[in-house]
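The values are calculated or read from the model by the stated rules, or taken from the named source; none is laboratory data. Note that the coordinates shown come from a computational prediction; the quantities given were computed from them, not determined experimentally. Methodologically, a virtual Cβ is constructed for each residue, glycine included, from the backbone with ideal geometry; neighbour enumeration extends over all protein chains shown.
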Amino acid sequence: MKRFQKPTAPLGWLYVVSHPNAPSQVKIGITERPVTRMQELGKPMILARVPVMKPRDKEQLLHNRFAPQRVPQTEFFQLDEQQLEFVLNAC
């Protein structure tokens with residue numbers, strides 16, 4: 001059975017952030033309200049924040065690509081320098 005997914009907006013923001021509490025991890029996420037979302041995350045260090053078409057699709061591609069580096073049950077990833085560079089270039 002397919003899981004219900006909220007319809008995705010055609011335009012949104014893809015972001016990559018790190019947080020002082022976990023500097024070796026990055027969060028890859030999407031939002032329709034980038035300023036508010038950054039405040040909700042505790043004002044993290046923004047590594048990338050770009051407007052994209054089909055944000056959920058873009059986020060899912062990156063999540064799938066780095067699934068082995070994912071911190072379980074989160075949108076945080078333990079990436080090495082090369083992997084982080086790939087993600088930032090993809091943005």
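Selection of the range 63-74 for residues being in contact with a strand residue (DSSP E or B) (Cβ under 7 Å, 6 or more places away or on another chain) and surrounded by fewer than 14 Cβ atoms within 10 Å (Cβ to Cβ) yields only Val71. One residue alone among Leu79, Leu84, Leu88 is part of a loop (DSSP other than H, G, I, E, B) and surrounded by 11 or more Cβ atoms within 10 Å (Cβ to Cβ), and that residue is Leu79.
The set of residues from the range 10-42 being at pLDDT below 90 and out of contact with any strand residue (DSSP E or B) (no Cβ under 9 Å at 6 or more places or on another chain) comprises just one member, Asn21.
Please work out which residue is surrounded by the most Cβ atoms within 10 Å (Cβ to Cβ), limiting yourself to the range 17-62 and to residues that are assigned to a loop (DSSP other than H, G, I, E, B) and at negative phi.
Ranking the candidates gives Pro44 first.
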